[in-house]
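Step one of this worksheet: look at the structure below.
The values are calculated or read from the model by the stated rules, or taken from the named source; none is laboratory data. These figures come from a predicted structure and were not determined experimentally. Note that each Cβ is placed from the backbone with ideal geometry, even for glycine, and that neighbours are counted across all protein chains shown.
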Amino acid sequence: MRIRSVLLTAVLAVSGTAAAQTATAPLPKPAEFYFDADANTTKPVVVVRETGEVAMQKLSRIIERKAGADAEAAQLAHLAMEAGRVDLGRQLYARSLSGLDATDGIWRSVMWNYGWDLYRAGDDKGAFEQWRVLATTRGVTGSWMPPTFALVLWSMGRKDEAVQWYAAAVRTEPLQWSNTAQYARLLPAWTEAERKALAEVQAAWAANPPKYP
């Protein structure tokens, strides 16, 4: 079975589903510090260890026969978006999230990964929305939030807010974020273009560091 056939099967399996996201709280102003590791959020959703077409085939078969299969749908969604099948990826993420809520163990990681897949597909606003929901749920001050919101807000043209969020990263870990020297170590999963964009935020912060609060 070729990838095209696998993805068609997945589309049929998820047709008629929709994302169940209704949170509308605005993004809060940055907190003073962000020390929470929030490790259950910032991890890939992995059900099968295979990659590429083999993984797509296996996940598609599971989704066809297994009720729920929320994690499987999320992993296949990521693979689809990574392969450029953005519309299918959105459908699969909707399928996954329609079966989850904030009390489910994988909900945060699905939302976080969906945000990154949307961002890398050029949908800055969609990415922001996934991460905004995470930031307004459970009151977690995850260490991933300041650089991530700085990046996405900068990409959206909301540059003053981006600098405010970058300032939160510096307040939390000044030796790490005051300059760009450690970006490759701190942000190993980010692309070079993403680190370059964050460096623009850092430069804007350095030129005029905002005070807190």
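Structure summary
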read-out	value
Tabulated pairs, segment 131-156, first within 22 Å of ALA199 (Cα to Cα), second among the basic types (Lys, Arg), C-beta under 8 angstrom, 6+ apart or interchain	LEU153/LYS159; MET156/LYS125
Helices (runs of 4 or more DSSP H) wholly inside segment 23-101 that include at least 3 residues being acidic (Asp, Glu) and modelled with pLDDT of 95 or more	70-82
Single unsatisfied condition, ASN113 versus (1) surrounded by fewer than 20 Cβ atoms within 10 Å (Cβ to Cβ); (2) farther than 22 Å from PHE35 by Cβ; (3) not small (Gly, Ala, Ser)	(1)
Verdict on TYR212 being touching a residue at least 24 places away in the same chain (Cβ under 8 Å), aromatic (Phe, Trp, Tyr) and assigned to a helix (DSSP H, G or I)	no
Test: residue in segment 114-127 that is among the hydrophobic types (A, V, I, L, M, F, W, C), more than 14 Å from VAL152 (Cα to Cα) and within 8 Å of the chain's Cα centre (by Cα)	no
Among (1) buried (at least 17 other Cβ atoms within 10 Å of the Cβ); (2) over 23 Å from ARG108 (Cβ atoms); (3) within 21 Å of the chain's Cα centre (by Cα), the one test that TRP205 misses	(3)
Any hit, segment 112-132, residues being among the small types (Gly, Ala, Ser) and either out of contact with any helix residue (DSSP H, G or I) (no Cβ under 9 Å at 6 or more places or on another chain) or under 18 Å from GLY52 (Cα atoms) (or both)	no
Those residues of segment 36-73 which are within 14 Å of LEU100 (Cβ to Cβ), in contact (Cβ under 8 Å) with a residue 40 or more places away in the chain and among the aliphatic types (A, V, I, L, M), in sequence order	VAL45, ALA73
